[in-house]
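Notes for the one structure printed next.
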Amino acid sequence: MVETVTGTNRSAGISLEELLPYDTRAVPGHIAKPSPLPVGPTRVPVEAYYSQDYYREEIDKMWLRVWQVACHEDDLPDVGDYTPYEVADRSFVIVKCGPDEYKAFKNACLHRGRMLCEKPGKRARELRCPFHAWAWHLDGTNKEIPCQWDFPGIDPEEQNLTEVPLGRWGRFIFINPDPDCESLEQFLGEFPSHFEKYPYEKRYKVAQVSKVIRANWKVAQDAFAESWHVFSTHPQMVSAFGDPNGQFDAWGNVSRQYNTGGTPSPHLEDVKDWGELEPSESGRPREMHPFCGAIYELREDGNVDVTMPNGAHGVFTRTAEWVEGDLGHADIHLCQWVAGPQCKEGVPVPPIGMATARPMERTLPTLDRKDLVELIAGMRTERAAAHREYIRPLFGDVVDEISDTELTGNTYYNVFPNLMPTPGLAESAIWFRFRPVGMNPEECVMDVYVLAPMPIEGEHPPAPPVKVLDPDVSWTEAEEVGFLARVLDQDTNNMPWVQRGVRNVDSGYVQLADYNETKLRNTYLKLDEYMARP
Ligand code: FES
Ligand SMILES: [Fe+2]
């Protein structure tokens, strides 16, 4: 875990800049030309994560004034379909009011305030309040006030629902509760142009999983907004995931991390002896810790055997509590990796484990820098070529214009305040969204969207109902998420402990890395701008 000190805010690991000349295609300017966030320390006051006063202000000054994804077009396939969208203490209703027309309203009856809908509905001809049956047309104009004679001072023509600005991009429906907001196009800036070759207009919603998390929405989102936690939280992935040597860019409300897929973590530079990781005789999950070489293996009783290269051995629970043996400490993330609820039968093992990448990694320490870059560039070219053919039936010949860099990188955007789209060059694209819920700043909902290319012929299947996971339920209960579930469990496990921990930070603030935490910094700088408004 030793990494060269570079004297700059860039890692010594292999950079995208070094790999770009080997690309067999033109790399888009928004990747080839870095757009870094100006340097500067960023501190976040810990109250931002739990204070009721901060939360109230954040709702009033930011959530009620910002563009945010409310739903997906596939949530509302037919005219008359509607769905509520909840954020913090507010609720909105999104309605499909024409074949290609949507409107958003505040989700409240103008009589005594009952929410007009608390769950999605289909093919309605009107929005009728379940309490005393006031009714509105789908475009929000007033349709009927029962016992109107008893409201002598009310003009029905003035009793239309309060409409909220609505915008659309990539088949997602955004709303902004502020009637005086800028347009969604202005807000997104150049972001949509990054997706021209692989548009989300050509994808449909396969699934949505919403998990309740016992942490502030920023704690949850921040866990996915940088990649340098990978060596610590996902040690099984470091072999082929260049964690702190990615490229981080920002453009207004949008920021992005690009990880040079296929490059090893620079944290591995002092690891010389990789050894072989044979499959376990029992067939149970097994993993090697990349830095110390310890073997973690699931036992029949559900605990974990941990054996160091020098033979020291211990037995630990899946949350790394010592049970017996001369070894006293084990890595919590690897214990969970081999023994957590994610290891239930039938859940696929990710194709990113140490075992698969190890043969390649063993050769790396013996190469000089230039040979290493050439080796990795060659592997990326090969992987990109195979990937092009894999997705050609789905995307068409446009794949010939997509660079190796785009096809082999791990790319995650952040659209302020809470959306994490990916470019979607795989069969399944996965987006995240993080929302505060109710009036508890220490709880949020993380939504995972699974989006697939439209079928070449015929209609795409309808979106299934949203699956909701309670806080203590493993992501692996949602088979829709696939192999990513096991990784998400590792990330999610940190969140409640961050939420508990920040209250104990003496200085009163947390501190963000200059470059690797660009996406977090961009989010907090934007949030500060909203909070500073009158
Ligand atoms: S509260 Fe809606 S009709 Fe009375
Ligand atoms: Fe992670």
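Extension gain, residue 212 to residue 531, is 112.3 nm, computed as 0.36 nm per intervening residue step minus the present C-alpha separation. When 105, 195 are arranged by Cβ crowding within 10 Å, least crowded first, meaning fewest neighbours, the order is 195, 105. Dipole magnitude for the chain: computed about the Cα centre from +1 point charges on Lys and Arg Cβ and -1 point charges on Asp and Glu Cβ, it is near 660 debye. When each of 200, 412, 509 is scored by the number of other beta-carbon atoms lying within 10 Å, the sequence from fewest to most is 509, 200, 412. Only lysines eight or more places from residue 467 in sequence, or on another chain, were considered; those with a Cα closer than 21 Å are 119, 122, 205, 211, 344.
Modelled this way, with points 7 Å down the Cα-to-C-beta line, the labels at residue 312 and residue 147 are 7.7 nm from one another. Within the range 68-180, the percentage of alpha carbon pairs spaced more than 21 angstrom apart rounds to 32%. Once the Cβ-Cβ distance of residue 53 and residue 162 is raised to the sixth power relative to R0 = 35 Å, the FRET efficiency obtained is 0.85. Computed from the C-beta positions of residue 24 and residue 135 and an R0 of 60 Å, the FRET efficiency is 0.50 to the nearest 0.05.
Restricted to Cα atoms, the chain shows a radius of gyration and a Dmax of 25.1, 89 angstrom. In terms of other Cβ atoms within 10 Å, 497, 337 run from fewest to most in the order 497, 337. Partner aspartates and glutamates whose Cα lies under 18 Å from the Cα of residue 197, excluding those fewer than 8 positions away in the same chain, are identified as 23, 389, 397, 400, 401, 404, 406, 427. Cross-link reach is defined here as a Cα-Cα straight distance under 13 Å, omitting same-chain residues fewer than 8 places apart; for residue 96 the aspartates and glutamates meeting it are 73, 74, 75, 78, 81, 126, 139.
Using a cut-off of 19 Å between Cα atoms, the listed pairs 33/519; 106/218; 202/526; 106/143; 218/526 include 106/218; 202/526 as exceeding that distance. With 0.36 nm allotted per residue and the present C-alpha distance subtracted, the residue 155-residue 319 stretch has 52.7 nm of extension available.
Read-outs: derived from the displayed coordinates by stated rules, not from any lab. For clarity, every value in this text was computed on a predicted model and none was experimentally measured. Using ideal geometry, Cβ is built from the backbone for each residue, glycine included, and neighbour counts are taken over all protein chains shown.
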